[in-house]
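Heads up: the structure comes next, in structure tokens.
The values are calculated or read from the model by the stated rules, or taken from the named source; none is laboratory data. What you see is a predicted model; the values in this text were computed from it and never measured. Neighbour counts run over all protein chains shown; Cβ positions are idealised from the backbone, glycine included.
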């Protein structure tokens, strides 16, 4: 019975998504998330949506810092911008400062391929792949994700874990819970292994959770 229920929700979700593309998010102006490590607030992950003629623009700001005894162990300041036309990503740029390391991505669409110039990858890849900053629910249908920080491309497999009730900052949501894992044999520190929740009605990103030197959670605080 459980398998039947899970199959029903997966079929229902993917059927909706077939006609729910990036333009679905034009109803939002911003998505504000807070970043927690071991349940301690350490930063923000905010998205800003705008429309100009037939283009949709998505800006993302990620800032967090991990400090112990006044010493910064890890500090990230990242800004990115994506431009979409007719539900397709046509351009993406990001600049990230991670401690003393500079990371970047410059991506553009060329026919049916993405041309990527990144700090970890240079080359071509399928335009079906999704930028892995997770606001776009289509990531759960993609065979691979592109790092928004470095441009690296990682194959993935996705499992639907079920429908759950999720409460964040006093707000209750009917959530769809997915597990995303690497589909390749990678070093442990490079593998994808995370849980992600989307609102069943709006497909709004609610929460991302993973373990990497502690428990990390990105929680939806506010949206407009």
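Some values worked out for this structure:
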item: Contacts under 7 angstrom Cβ, first residue in segment 61-80 being on the phi > 0 side of the Ramachandran plot and at pLDDT below 90, partner assigned to a strand (DSSP E or B) and surrounded by 16 or more Cβ atoms within 10 Å (Cβ to Cβ), 6 or more apart; result: none
item: Filter result for the condition that a residue is surrounded by fewer than 16 Cβ atoms within 10 Å (Cβ to Cβ), farther than 25 Å from residue 193 by Cα and touching a strand residue (DSSP E or B) at 6+ places or on another chain (Cβ under 8 Å), over 115, 68, 83; result: 115
item: Qualifying position, being at pLDDT 95 or above, within 23 Å of residue 96 (Cβ to Cβ) and surrounded by fewer than 13 Cβ atoms within 10 Å (Cβ to Cβ), among 151, 123; result: 123
item: First in segment 160-173 and on the phi > 0 side of the Ramachandran plot, second anywhere and modelled with pLDDT of 95 or more and part of a strand (DSSP E or B), Cβ under 6 Å, 6 or more apart; result: 162/177; 169/221
item: Residue match in segment 55-73 (condition: assigned to a strand (DSSP E or B) and in contact with a helix residue (DSSP H, G or I) (Cβ under 8 Å, 6 or more places away or on another chain)); result: yes
item: Residue 133 in contact (Cβ under 8 Å) with a residue 40 or more places away in the chain, out of contact with any strand residue (DSSP E or B) (no Cβ under 6 Å at 6 or more places or on another chain) and closer than 22 Å to residue 215 by Cβ; result: no
item: Any hit, segment 119-127, residues being touching a strand residue (DSSP E or B) at 6+ places or on another chain (Cβ under 9 Å) and closer than 24 Å to residue 32 by Cα; result: no
item: Hits in segment 32-54 (condition: assigned to a strand (DSSP E or B) and modelled with pLDDT under 95); result: 51, 52
item: In segment 196-218, the residues that are more than 19 Å from residue 43 (Cα to Cα) and assigned to a strand (DSSP E or B); result: 197, 198, 199
item: Residues within segment 81-107 that are touching a residue at least 12 places away in the same chain (Cβ under 8 Å) and outside any strand (DSSP E or B), tallied; result: 3
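Residue-wise test of (1) surrounded by 18 or more Cβ atoms within 10 Å (Cβ to Cβ); (2) outside any loop (DSSP other than H, G, I, E, B); (3) within 17 Å of the chain's Cα centre (by Cα).
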{"residue": "135", "(1), (2), (3)": "yes, no, yes"}
{"residue": "140", "(1), (2), (3)": "yes, yes, yes"}
{"residue": "160", "(1), (2), (3)": "no, yes, yes"}
{"residue": "167", "(1), (2), (3)": "no, yes, no"}
{"residue": "220", "(1), (2), (3)": "yes, yes, yes"}
